[in-house]
Amino acid sequence: MAKKLPKPPPDVDDLPLTDEVLGQMRPASEVTPDIVAAHTRGELQRNEPRRFRGPQKEATKVQTTLRLDSDVVGYFKDGGKGWQTRLNDALRDVVFGHKEAS
C-alpha cells in the first residue's frame with residue numbers, strides 16, 4: 001500500500017478568504033472600467049500561445065509502433081532534442097541512399 005505523504009503547510013497566498021476580505025472586494029467593472037469595456041468590445045490581445053495546431057494540409061507522417069533495441073534508441077536520445085527526426089533521417093538514408101532536404 002502506498003505511503004501517505006504529510007499534507008504541506010498552507011501557502012500564504014492561498015489562505016481562505018475571510019469575511020472582512022470578501023467585504024472589501026469590488027467587481028472588476030468598478031475597479032478598472034476601461035479594461036473591462038475594452039475586453040467586452042474584443043479589443044484586448046491575448047498574450048497566451050496557441051494551445052493546438054490547426055488542421056494539416058496533408059498528412060506527411062504516419063504514426064506507427066516500432067520496437068527497437070534500447071542501445072539504438074539510447075544512441076539517438078543521447079543527442080538530445082530531435083532524436084526522432086535524426087532516427088527518421090538515418091532510416092531514410094539507409095532506404096533511399098541519401099538524405100532529402102526537409
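Every number in this text was worked out from the coordinates using simple rules, so none of it is lab data. Keep in mind that what you see is a predicted model, and the values were worked out from it rather than measured. Here the Cβ positions follow ideal geometry from the backbone for every residue, glycine too, while neighbour counts run over all protein chains shown.
What the table shows:
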quantity	calculated
Separation in nanometres of the label points that stand 7 Å from Cα toward Cβ, at ALA59 and VAL36	5.0 nm
Cα-centred dipole magnitude for the chain, charges only on beta-carbon of K, R (+1) and D, E (-1), debye, nearest 20	620 debye
Peptides ranked, highest mean first, by Cβ atoms within 10 Å: ranges 80-88, 67-75	80-88, 67-75
Answer label for Rg/Rh (Cα atoms, Kirkwood Rh) (calculated), chosen among (1) 1.25; (2) 1.04; (3) 1.17	(1)
Chain lengthening between ARG51 and LEU22 when straightened (0.36 nm per residue, less Cα-Cα)	7.1 nm
Cβ-defined net charge surrounding SER70, 14 Å radius [Lys, Arg +1; Asp, Glu -1]	-1
Helix-only CD estimate at 222 nm, as mean residue ellipticity for the chain, using -39500 (n - 2.57) per DSSP H run (n ≥ 4)	-10500 deg cm²/dmol
